[in-house]
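*Asks:* Pasting a structure below so you can have a look.
Each value in this text was obtained by applying a stated rule to the coordinates, not by laboratory testing. The shown structure was predicted, so the numbers you read here are calculated from the model rather than taken from an experiment. As a convention, Cβ positions derive from the backbone with ideal geometry for all residues, glycine included, and neighbour counts pool all protein chains shown.
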């Protein structure tokens, strides 16, 4: 009989003696290869971080600050253009009629403005805003006349309540003036791009100074020719300024239609009064807040930068500061986004929408001051603002 001698079985090393109720500690986890590589890269590019480098080569990636790249600029009129943007991966989409805040770098300064989204569904995933250059408009003038394809702009998620209801009504009235067509064209492009457009009776009353200033004129006429809507074109130089009292003559079944309107403040004010008098619902979109005509005496505004501005009582502090070269945070410029909030350290300001007075008294209101929105507040006496 032969015997086989086996080699001794390997045994695991024993842990040091521990109390019976104390678990044996697990071996320390080794850093993952990814985390070790990240540390190496961060060390190599200090004082920058990896995200800073990625922003240069892949600025539209997921997880980055939301941006858009200009991929096309399409003139609409002599002073307006559609800016087509490739949004970052984290763009969450929008409902037709909403707007987007964009941050544009002009002469080394980032300025924020708000523009309606004007595109319909696009297979390339791009979005668009249509901008009208206003006199002395720093951002609008830059986007319409000087922006370049490839330029990056900052973005915020879509916002706004100027959207059509679900389900859609049987009859719809849209009243637009000038650039007020921009949120509405987005609605129409969305509706008429469907394989089967909804059976919706739409009347569009579109008001402009002249045919040369009318954005999307040919597109709207094409929709009318295709039977998608009834288009009522009004031009001030030809027809005179629209009197909303005549709206019933232009749209005989006015009382049967759900109404939406966007345009200049004077037009919207008149429409709101007209519909209220008739007990009719109306949804409006304003590009500027409703301001009081005579809000107060104004006063000297002192900014923490050292600048001093003599502002009247009807000019928003934001506008007064910018006219004097003071850089202030801003956003929608209509009191909605709260992107312009700064501390009022002393003095008084008046809300131009409703006349409400806000006062800050040093030693009484706290060291942080009183937060105010500079886009809808004007000086109501001498005041001091953090800038």
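*Asks:* With each pseudo-label sitting 7 Å past Cα toward Cβ, what's the residue 62-residue 236 distance in nm, one decimal?
*Replies:* In this crude spin-label approximation the distance works out to 4.9 nm.
*Asks:* Answer rounded, prolate or oblate for the range 171-285, using the Cα gyration tensor with square roots of eigenvalues a ≥ b ≥ c: rounded when a/c is under 1.5, else prolate when a/b is larger than b/c, else oblate.
*Replies:* oblate
*Asks:* Please tell me the relative contact order of the range 67-155 in percent, rounded to the nearest whole number, where contacts are Cα pairs under 8 Å and at least six residues apart. Write down the numbers at each step before the final one.
*Replies:* On the way: 170 pairs, mean separation 33.5, N = 89.
With pairs under 8 Å counted, the relative contact order is 38 percent.
*Asks:* Let me ask something additional. Normalised by the residues of the range 299-385, what does the relative contact order come to in percent, with Cα pairs under 8 Å and at least six apart?
*Replies:* The normalised contact order for the range 299-385 reaches 39 percent.
*Asks:* Going by a ≥ b ≥ c, the root eigenvalues of the Cα gyration tensor, does the range 290-387 fall in the rounded group (a/c under 1.5), the prolate group (a/b larger than b/c) or the oblate group?
*Replies:* The shape class here is rounded.
*Asks:* Could you state the number of Å between the C-alpha centres of the range 136-174 and the range 239-289?
*Replies:* Here the two parts' Cα centres lie 22 Å apart.
*Asks:* How do 306-314, 125-133, 199-207 rank on mean C-beta neighbours within 10 Å, highest first? Each step should come with its number before you reach the end.
*Replies:* Numbers: 306-314: 15.3, 125-133: 20.8, 199-207: 18.8.
Ranking, from highest mean packing down: 125-133, 199-207, 306-314.
*Asks:* Shape call for the range 67-155 from the C-alpha gyration tensor, a ≥ b ≥ c root eigenvalues: rounded (a/c under 1.5), prolate (a/b greater than b/c) or oblate?
*Replies:* Cα axes put the range 67-155 in the prolate bin.
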